[in-house]
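Everything below concerns the one structure shown next.
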Amino acid sequence: MRNSDPIEMTEKFVVVGVDGSEASLRAVDWATDEAGYRDAELRVVHANLLEHRVLESPILENQAKRESAIVRAAVDRARLRCQSVTVRAFTVEPPAGEALIRASGGAAVLVVGSRGLSRMQEILLGSVSRECVAGAPCSVLVVRG
């Protein structure tokens, strides 16, 4: 799933940020539909918390497997939802908000999930969503439950 090439700029792509949450999986659905509608490539972007750490402990190894599974699940979900959409996955360095803003340069739209534990929190944007809305160079779609 890892692509070490820099995220290249093209005019026809949609970016979705994933973190393994249910909200981010709903964002994958929206982003896939949007990419299909636009006949665009879908770029699944995950900020890997272990990017520069040496995997010396079982805890870090398990975290690396979990993060790989997050990306794989998002890509699989998108491919099942719309087989005609080309899906590429990118694992980028955190922080997540900044990484998604960088990845969305040249994108048609950036799609992120908004999550919360209580009814009140569901109304508010999360910190990554808020940062993307404020700083992305393209339209941002925040998917709520």
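Observations, loosely collected:
- Cβ-Cβ contacts under 7 Å between residues 6 or more apart (or on different chains), taken from a first residue in the stretch 35-49 that is over 23 Å from Ser68 (Cβ atoms) to a second residue that is modelled with pLDDT of 95 or more and of a type in the set (A, V, I, L, M), are listed as Gly36/Val85; Arg38/Val14; Arg38/Ala108; Ala40/Val14; Ala40/Ala108.
One line per residue, one yes/no per condition, for (1) under 14 Å from Ala96 (Cβ atoms); (2) at pLDDT 95 or above:
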| position | (1), (2) |
| --- | --- |
| Leu110 | yes, yes |
| Arg115 | yes, no |
| Arg119 | no, no |
| Ile123 | no, no |
| Gly126 | yes, no |
| Arg130 | yes, no |
| Val133 | yes, no |
| Pro137 | no, yes |
| Arg144 | no, no |
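- Considering the stretch 33-68, and only residues there that are hydrophobic (A, V, I, L, M, F, W, C) and at pLDDT 90 or above, the residue that is farthest from Cys132 (Cα to Cα) turns out to be Ala40.
- Looking at Ser68, Ser84, just one residue is over 12 Å from the mean Cα position of the chain (by Cα), polar (S, T, N, Q) and assigned to a helix (DSSP H, G or I), and that residue is Ser68.
- Filter pass, Ser104 being touching a helix residue (DSSP H, G or I) at 6+ places or on another chain (Cβ under 8 Å) and either at pLDDT below 95 or buried (at least 19 other Cβ atoms within 10 Å of the Cβ) (or both): yes
The values are calculated or read from the model by the stated rules, or taken from the named source; none is laboratory data. Being a predicted model, the structure only gives us computed values, none of them experimental. Because the Cβ atoms are built from the backbone with ideal geometry, glycine has one as well, and the counts that use them run over all protein chains shown.
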